[in-house]
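The values are calculated or read from the model by the stated rules, or taken from the named source; none is laboratory data. Because the structure is predicted, anything quoted here is derived from the model rather than measured. Please note: Cβ atoms are built from the backbone with ideal geometry, for glycine as well, and neighbour counts cover all protein chains shown.
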Amino acid sequence: MDRIKRLSSEVLNEYSERFGTDFSTNKQTLNEITIIRSKGLKNEIAGYITKMLQRQAKFEERKQMIIENEKKSQERKKSRSKKTETEPTKEKDVQVESAEEVEVESEPEPEPVASEEKTTAEEIVDESKSE
């Protein structure tokens with residue numbers, strides 16, 4: 001298996017722009033670029049190249065998703081802080097039948113939500129290191 005990884009990475013380093021995430025296209029491109037007489041070896045190399053490019057595309061997609069989620073959460077935090085700064089806290093005094101008891105109602109402050117985005121980012125980094 002080491003031979004396949006080595007050959008795949010060598011071909012991919014030289015001709016990375018010609019390969020994609022489709023196996024049959026990669027197989028044809030490999031036929032054009034190299035002379036590999038063994039059908040099995042050619043299929044394994046094309047398959048490994050396809051697998052590597054699919055992983056890379058998936059990694060980039062997850063990375064963009066995490067970045068977008070972080071931006072959204074920062075915007076939410078900013079909008080929450082602006083709302084609390086511009087709007088004074090709403091308190092209503094409600095008098096009960098006896099004049100001694102006064103009940104104060106106020107809106108509860110939203111609790112900070114622990115985000116799982118960092119753990120996802122750590123997982124992606126760990127996946128990329130394992131490759």
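Can you confirm whether S73 is in a helix (DSSP H, G or I), at pLDDT 90 or above, of a type outside the set (A, V, I, L, M) and buried (at least 16 other Cβ atoms within 10 Å of the Cβ)? For S73, the condition - in a helix (DSSP H, G or I), at pLDDT 90 or above, of a type outside the set (A, V, I, L, M) and buried (at least 16 other Cβ atoms within 10 Å of the Cβ) - is not met.
Here is a yes/no grid of residues against (1) out of contact with any strand residue (DSSP E or B) (no Cβ under 9 Å at 6 or more places or on another chain); (2) free of Cβ contacts under 8 Å to residues at least 60 places away in the same chain; (3) surrounded by 12 or more Cβ atoms within 10 Å (Cβ to Cβ); (4) not in a helix (DSSP H, G or I):
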residue: T21; (1), (2), (3), (4): yes, yes, yes, yes
residue: T29; (1), (2), (3), (4): yes, yes, yes, no
residue: I35; (1), (2), (3), (4): yes, yes, no, yes
residue: G40; (1), (2), (3), (4): yes, yes, no, no
residue: Q54; (1), (2), (3), (4): yes, yes, yes, no
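Kindly provide the set of residues from the stretch 1-30 that are of a type in the set (V, I, T) and under 15 Å from Q56 (Cα atoms), ordered by number. T21 - this is the single residue of the stretch 1-30 that is of a type in the set (V, I, T) and under 15 Å from Q56 (Cα atoms).
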